[in-house]
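Trainee: One structure follows; several queries about it will come next.
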Ligand code: GKR
Ligand code: MG
């Protein structure tokens, strides 16, 4: 290896499937398996850097198409060499997640692909130098990153299919009382001290009641958030905001109650007119840098949810953090169904991003049994993940588990996330995603 240069010899992309329970959101229903792609970059010295990203065919083929630009490139310069993926076509305001589930929006394919390669190259550099990724990113501002309990209304079932059915750890949860039980169990097991409820599933009155019951159970010291993924009209959003004013105080927020920047801005104005200043958060209306000018001018969103997987990588999240700080916005973190490589990458970028002061979202507790890293499932310590004292991300691939999850992917028919179709297959043959539903 020449000083300050590390040639990439190979790019490998592995499509895997992980068991996922029948979780509900305004997008529809989770399939029995969530799909992920695992990326490996191998250096000339045989060191391997890894990343985890959105699953299925499109993300995998977008990565494979870049092979000619990646193999032979310098790992230290890869992110710079590929920056056109982040800044080129698709950086427009059309990129919202209102109608497309995260990971399935062709307009953010470039930033998503770039992010996976940036993460794997940072892991590679970190492993070869012994420096943790958060310190390569400029240095950590925290050693442990807090995550929140992510409650979902769900049908009975623990995920998987046929002979691969998994234990249903939380049972059916379609009432306020069963959500309280679900969250109690998560908080007791993982030590979380923030709660997010995925809403947009049941009548808003039931969801309001669910939040109230959570407040009764956990008290005012436990911040609460609710996220119906744009399922409500402005009127409903304002009504819920009024009803839950007290419950969302003290570090909580109302996330994407309504679709679009204009709808969020109207909701904000109406709430302020009523003396309610609950922050509005978003990972649906605001999903790219191009959305920020309008959102800031209209005061539509006060908490931006970053996610290195679709914002164009870890450095773009740091830029986003600085922009948010400059304009007086807060920063939180979004997640989708994922395994430990993603969780650790999320922790590293959060550790290196100063104004990420909210507990991050994570779906990790929902993937109860599958894992692809050596040592198996990662553990939270009092709801937080500690940055390991190791170079890179600090996790290594377990190749037996990887082979098992690849076989699973080959054996199942799912090739992209389609929650609307799953809803029609299992719950209601006529179901369509209608916005606003209430
Ligand atoms: O997993 O069903 C889900 C969520 O609704 C997910 O798709 C969202 O992207 O968690 C996410 C969110 O905060 O909007
Ligand atoms: Mg959200």
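Trainee: Would you be able to say whether some residue in segment 75-92 is touching a strand residue (DSSP E or B) at 6+ places or on another chain (Cβ under 9 Å) and modelled with pLDDT of 95 or more?
Mentor: Pass one, segment 75-92, residues touching a strand residue (DSSP E or B) at 6+ places or on another chain (Cβ under 9 Å): 75, 78, 81.
After this cut, where a residue has to be modelled with pLDDT of 95 or more as well, the list is 75.
Within segment 75-92, one or more residues are touching a strand residue (DSSP E or B) at 6+ places or on another chain (Cβ under 9 Å) and modelled with pLDDT of 95 or more.
Trainee: Would segment 58-81 turn up any residue that is within 16 Å of ligand 1 (Cβ to nearest atom) and not assigned by TED's automatic domain parsing to the domain that holds residue 226? Talk me through it step by step, then tell me what you get.
Mentor: To start, the set of residues in segment 58-81 that are within 16 Å of ligand 1 (Cβ to nearest atom) comprises 59.
Filter once more, so that each one left must be not assigned by TED's automatic domain parsing to the domain that holds residue 226: 59.
Yes, segment 58-81 contains a residue that is within 16 Å of ligand 1 (Cβ to nearest atom) and not assigned by TED's automatic domain parsing to the domain that holds residue 226.
Trainee: Exactly one of (1) at pLDDT 95 or above; (2) more than 16 Å from ligand 2 (Cβ to nearest atom) is unmet by residue 307. Its number?
Mentor: (2)
Trainee: Hey, another quick one. Only residues in segment 274-289 that are farther than 23 Å from residue 250 by Cα count as the first member; pair them with residues that are in a helix (DSSP H, G or I) and within 12 Å of ligand 1 (Cβ to nearest atom), Cβ under 9 angstrom, at least 6 apart or cross-chain, and list the lot.
Mentor: Pairs found: 287/310; 288/310.
Trainee: Same structure, new question: From the set of residues in segment 67-85 that are part of a loop (DSSP other than H, G, I, E, B) and more than 24 Å from the chain's Cα centre (by Cα), which is surrounded by the most Cβ atoms within 10 Å (Cβ to Cβ)? Walk me through how you get there before you give the answer.
Mentor: The initial filter retains those residues of segment 67-85 that are part of a loop (DSSP other than H, G, I, E, B), namely 71-73, 75-77, 82-83.
Still in the running and more than 24 Å from the chain's Cα centre (by Cα): 71-73, 75-77.
Values: 71: 14, 72: 11, 73: 20, 75: 25, 76: 14, 77: 13.
Among residues in segment 67-85 that are part of a loop (DSSP other than H, G, I, E, B) and more than 24 Å from the chain's Cα centre (by Cα), the one surrounded by the most Cβ atoms within 10 Å (Cβ to Cβ) is 75.
Trainee: Separate question: Restricting the search to segment 351-399, which residues are within 21 Å of residue 151 (Cβ to Cβ), touching a strand residue (DSSP E or B) at 6+ places or on another chain (Cβ under 6 Å) and outside any loop (DSSP other than H, G, I, E, B)?
Mentor: 360, 384, 385 - these are the residues of segment 351-399 that are within 21 Å of residue 151 (Cβ to Cβ), touching a strand residue (DSSP E or B) at 6+ places or on another chain (Cβ under 6 Å) and outside any loop (DSSP other than H, G, I, E, B).
Trainee: Still on this structure, I have one more. Could you list, in sequence order, the residues of segment 149-177 that are touching a strand residue (DSSP E or B) at 6+ places or on another chain (Cβ under 8 Å) and either assigned to a helix (DSSP H, G or I) or under 24 Å from residue 70 (Cβ atoms) (or both)?
Mentor: Within segment 149-177, the first condition is being touching a strand residue (DSSP E or B) at 6+ places or on another chain (Cβ under 8 Å), and the residues that meet it are 149-155, 158-161, 164, 166, 170, 172-174.
The one that is touching a strand residue (DSSP E or B) at 6+ places or on another chain (Cβ under 8 Å) and either assigned to a helix (DSSP H, G or I) or under 24 Å from residue 70 (Cβ atoms) (or both): 164.
Trainee: Further question: From the list 130, 139, 103, which one is at pLDDT below 95 and either more than 21 Å from residue 86 (Cβ to Cβ) or crowded, with 24+ Cβ neighbours inside 10 Å (or both)? Give the steps one after another, and end with the answer.
Mentor: Numbers: 130 fails: at pLDDT below 95; 139 fails: at pLDDT below 95.
Just a single option satisfies the conditions, and that option is 103.
Trainee: Here's a follow-up. Does residue 414 fit the bill of being in a loop (DSSP other than H, G, I, E, B), in contact (Cβ under 8 Å) with a residue 24 or more places away in the chain and over 18 Å from the mean Cα position of the chain (by Cα)? It would help to see each step written out before you state the result.
Mentor: On the way: in a loop (DSSP other than H, G, I, E, B): yes; in contact (Cβ under 8 Å) with a residue 24 or more places away in the chain: yes; over 18 Å from the mean Cα position of the chain (by Cα): yes.
It is true that residue 414 is in a loop (DSSP other than H, G, I, E, B), in contact (Cβ under 8 Å) with a residue 24 or more places away in the chain and over 18 Å from the mean Cα position of the chain (by Cα).
Trainee: Consider only pairs whose beta carbons are under 7 Å apart and that are at least six residues apart or on different chains; among these, list those whose first residue lies in segment 328-344 and is more than 15 Å from residue 286 (Cβ to Cβ) and whose second residue is within 10 Å of ligand 1 (Cβ to nearest atom) and assigned to a helix (DSSP H, G or I).
Mentor: Close Cβ pairs (under 7 Å, with a partner that is within 10 Å of ligand 1 (Cβ to nearest atom) and assigned to a helix (DSSP H, G or I)) amount to 337/366.
Trainee: Here is a list of conditions, (1) within 16 Å of ligand 2 (Cβ to nearest atom); (2) touching a residue at least 12 places away in the same chain (Cβ under 8 Å); (3) not in a helix (DSSP H, G or I), and residue 146 meets all of them except one; can you say which number that is?
Mentor: (1)
Trainee: Need the failing condition index for residue 82 against (1) within 28 Å of residue 410 (Cα to Cα); (2) without any contact (Cβ under 8 Å) to a residue 40 or more places away in the chain, just the number.
Mentor: (1)
Trainee: Looking only at segment 179-200, filter to residues that are part of a loop (DSSP other than H, G, I, E, B) and on the phi < 0 side of the Ramachandran plot; which one of those is farthest from the chain's Cα centre (by Cα)? Outline the logic, then answer.
Mentor: Here is the first cut: in segment 179-200, the residues part of a loop (DSSP other than H, G, I, E, B) are 191-194, 199-200.
Keeping just the survivors that are on the phi < 0 side of the Ramachandran plot gives 192-194, 199.
Details: 192: 17, 193: 18, 194: 16, 199: 16 Å.
That would be 193.
Trainee: Every residue in segment 290-321 that is over 20 Å from the mean Cα position of the chain (by Cα), farther than 26 Å from residue 246 by Cα and without any contact (Cβ under 8 Å) to a residue 40 or more places away in the chain, please.
Mentor: Matches in segment 290-321: 293, 297.
The values are calculated or read from the model by the stated rules, or taken from the named source; none is laboratory data. Source: prediction; values computed, not measured. Glycine gets a Cβ as well: all are built from the backbone with ideal geometry, and neighbour counts include every protein chain shown.
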